[in-house]
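Data block below; observations after.
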Amino acid sequence: MDGSSAVTGALRALHHMDKDVTLAVNSLHSPVTDAVWQFFSATGIWFILYAAVIVFLFIRLGWKRAGIVVLSGILCVVLCDQFSNLVKDAVQRLRPVHDADMLARGLHVLENPGNLYGFFSAHAANTAGFAACTYKGFLNDKGHSYRAYGLGIGLWSFFVGISRVFVGKHYLGDVLTGFAVGAGIGLLCGFLAQYAILKLKLD
């Protein structure tokens, strides 16, 4: 077996494992939890949260520093979202809801199928990026602890991401990859905002 065949075989095995784990997670549903996961999966509620965080940033950091952090947050979400779209089109991994095998094995679906491809989850990437970037942004307010915010926004990101498995739109691997990519981009944008604040002597 040559190197490319070994890699292909490993990826196929990983995909099968991801399918099994996703079905196991997706099977843990009830009418009550279905409503909860649909709530977290809906993007409309995001904008209320985003607006509240932005207001809080301006209150804590002042308009100059907060403005830089907000711009870095916008850049972060755009990068996460567009990079996710690029990877989806390149990898072309079908969403579970479009996979006949997953449906035949009992995938529980709560939303419309949506686009064909799902690797990796933009929901997970966007929320993880926003969480990491804004938490880093709040740390520009010296002398105050924002651990509670970090924990809260991190849990929100987790629930949004994992909801995509429960509604049938993503494999768990899509979500975990989205978390990793989003957190990385979020920290990078957060560091860029911190650098700009220091460079402009706004701290």
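The values are calculated or read from the model by the stated rules, or taken from the named source; none is laboratory data. Quick caveat: nothing in here was measured; it's all calculated off a predicted structure. With ideal geometry, Cβ positions are generated from the backbone for all residues, glycine too; neighbour counts draw on all protein chains shown. Only protein heavy atoms, including side chains, enter the accessible area calculation; ligands, DNA and RNA are left aside. Shrake-Rupley method; radii C 1.70, N 1.55, O 1.52, S 1.80 Å.
What to note about this one:
- Built amide H within the under 5 Å cut-off of Arg93, gap 5+: Gly118, Phe119
- Charge dipole (Cα centre; +1 on Lys/Arg Cβ, -1 on Asp/Glu Cβ; no other charges) of the chain amounts to roughly 780 debye.
- For Lys169, the lysines whose Cα comes closer than 16 Å to its Cα, not counting residues fewer than 8 places off in the same chain, are Lys19, Lys88.
- The sum of -39500 (n - 2.57) across all DSSP H runs of n ≥ 4, divided by the residue count of the chain, sets its helix-only mean residue ellipticity at 222 nm to -26500 deg cm²/dmol.
- Applied to segment 14-25, the Karplus parametrisation 6.51 cos²θ - 1.76 cosθ + 1.60 on θ = phi - 60° returns per-residue 3J(HN,Hα) values of 5, 5, 5, 5, 4, 5, 5, 5, 4, 5, 5, 5 Hz, with x for Gly and Pro.
- Taking a Cβ cut-off of under 15 Å around Gln38, the surrounding Lys, Arg, Asp and Glu residues balance to a net charge of 0, with basic ones at +1 and acidic ones at -1.
- Prolate/oblate/rounded label for segment 5-44 (Cα gyration tensor, a/c 1.5): oblate
- Couplings 3J(HN,Hα) of segment 138-151, computed from phi: 5, 5, 6, 8, 4, x, 10, 9, 10, 5, 4, 5, x, 5 Hz, in residue order, whole Hz [Karplus 6.51 cos²θ - 1.76 cosθ + 1.60, θ = phi - 60°; x for Gly and Pro].
- Look at the dipole of the chain built from charges on Cβ: of Ala180, Gly114, Ala148, the Cα furthest out on the positive end belongs to Ala148.
- Other residues lying with their Cβ under 12 Å from the Cβ of Leu110 contribute a combined charge of 0, Lys and Arg counting +1, Asp and Glu -1.
- Farthest positive-ward along the chain dipole, Cα basis, beta-carbon charges - from Phe166, Val53, Tyr195: Tyr195
- Among His108, His16, His29, the residue with the largest mean-square fluctuation in a Gaussian network model of the chain, with springs joining Cα atoms closer than 10 Å, is His16.
- Average accessible surface area per residue within the chain, 1.4 Å rolling probe, Å²: 51 Å²
- Fraction of accessible area attributable to carbon and sulfur, the chain (%, probe 1.4 Å): 70 percent
- The string of couplings for segment 27-40 from the Karplus curve (6.51, -1.76, 1.60, θ = phi - 60°) is 6, 7, 10, 7, x, 5, 5, 4, 5, 5, 5, 5, 4, 5 Hz, one whole number per residue in order, with x for Gly and Pro.
- Cα shape, segment 1-88, gyration tensor, a/c 1.5 rule: oblate
- In straight-distance terms, cross-link reach from Lys199 covers every one of the lysines whose alpha-carbon lies under 26 Å from its own, apart from those fewer than eight places away in the same chain; here that gives Lys64, Lys136, Lys142.
- Just so you know, the averaged projected area of the alpha carbon convex hull for segment 102-203 sits at 7.4 nm².
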